[in-house]
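Engineer: Quick one: this structure, given as structure tokens, is what I'll be asking you about.
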Amino acid sequence: MSNPLFQQHIISISDLTRAQLELIITTAEQLKHAAKHDALKNKVIASCFFEPSTRTRLSFETAIQRLGGTVIGFDSGTNTSLGKKGETLSDSIRIISSYADAVIIRHPKEGAARLASEFSSVPIINGGDGSNQHPTQTLLDLFSIYECQQRLDNLNIAFVGDLKYGRTVHSLAQALSLFNCQFQFLSPSALAMPDYILAELNERHVNFQTCNNFEEIIPQADIIYMTRVQKERFDETEYQHIAAKYILGKAQLTNPKSNMKILHPLPRVDEIDVAVDETRYAYYFEQAKNGVYAREALLSLVLNQSLVKG
Ligand code: CP
């Protein structure tokens, strides 16, 4: 069977079909349970982070090393010729892509990964561009949902928190719209899901509703996807007011379904009380761990023509 992801840029989750998403999830599942594999042997991958990261960068770098590849790169643009000497992103990418077999980029500006793909001679993988997209987070989110629910179709997914600036919820809602899921949105009104995402959901006939409190979402949710309010977008007083609005504690967990799980892309500030960590509903640390397997799967598929064997 041919591999449709071979040598593909991964810029937006919307560029991937349902079959491609399922292929990545199946491959991640195989890799999570495989004893040893060297799918990235002799591959050099550039990890270019112009914005802070803990999980995305380190799970990518772990994935590369676990699969026998080598990482080059930087964790801040400051000490690059782009940061210090005014080199353009397009020139930087032309050069970096001549050194590596694939380039992972995180950048604060929306559209930076798409721009990079126009100047790169090798696949570009978007590790997050501003408040736009975070497709590899969505891959690990989908893998985690599949792992804890044993399916992706016909689930009730509640998105809570900063639905405006949180790029992970944009990518995840777009991906799950391919799986006949129903969505509930719970956010401060100033942080509601952007109109362009709602328009896409309407076009795809996705059933969604806006909710006002946890009581409305918890009894029916299969997944509660919590997000951090992006502090960097507000002044301190406004942030305190908005951030305090939807905090999930044990007290809110009344009458959940027995299969319900709580996800969060992390980092968490205080939107999930630490007491929730010890409940059977918390799945966010396993979700973060799954970042390694989802990224192993993606890199294996992008850099190998034949499909990875389990
Ligand atoms: N979830 C996520 O993208 O985390 P980092 O910002 O730490 O990479």
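Engineer: Among the residues that make up the range 204-221, is at least one of them free of Cβ contacts under 8 Å to residues at least 12 places away in the same chain and small (G, A, S)?
Structural biologist: no
Engineer: Follow-up question, since we're still on this one. Could you run through the range 271-303 and say how many residues are small (G, A, S) and within 17 Å of the chain's Cα centre (by Cα)? Please lay out each step first, then the result.
Structural biologist: Going through the range 271-303, the residues small (G, A, S) turn out to be 275, 282, 288, 291, 294, 297, 300.
Pick out the ones that are also within 17 Å of the chain's Cα centre (by Cα) and you get 288, 291, 294, 297.
Number satisfying all stated conditions: 4.
Engineer: Taking the range 260-300 as the region of interest, how many residues are of a type outside the set (K, R), within 16 Å of the ligand (Cβ to nearest atom) and in a loop (DSSP other than H, G, I, E, B)?
Structural biologist: Of the residues in that region, 7 qualify.
Results for (1) under 19 Å from the mean Cα position of the chain (by Cα); (2) aliphatic (A, V, I, L, M), shown as yes or no for each residue.
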{"position": "P194", "(1), (2)": "yes, no"}
{"position": "A199", "(1), (2)": "no, yes"}
{"position": "V206", "(1), (2)": "no, yes"}
{"position": "Q209", "(1), (2)": "no, no"}
{"position": "M226", "(1), (2)": "yes, yes"}
{"position": "E236", "(1), (2)": "no, no"}
{"position": "H241", "(1), (2)": "no, no"}
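Listed here are the residues, each with its yes/no results for (1) buried (at least 19 other Cβ atoms within 10 Å of the Cβ); (2) within 16 Å of the ligand (Cβ to nearest atom).
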| position | (1), (2) |
| --- | --- |
| I25 | yes, no |
| L31 | yes, no |
| E51 | yes, yes |
| I72 | no, no |
| S120 | yes, no |
| I124 | yes, no |
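Engineer: Take the range 53-65 and flag every residue that is touching a residue at least 24 places away in the same chain (Cβ under 8 Å) and within 12 Å of the ligand (Cβ to nearest atom).
Structural biologist: Hits for the range 53-65 are S53, T54, R55, T56, R57, S59, F60.
Read-outs throughout are calculated quantities, based only on the coordinates presented, and are distinct from any laboratory measurement. Keep in mind it's a predicted model, so treat the numbers as computed, not measured. Note that we place each Cβ from the backbone using ideal geometry, even for glycine, and neighbour counts take in every protein chain shown.
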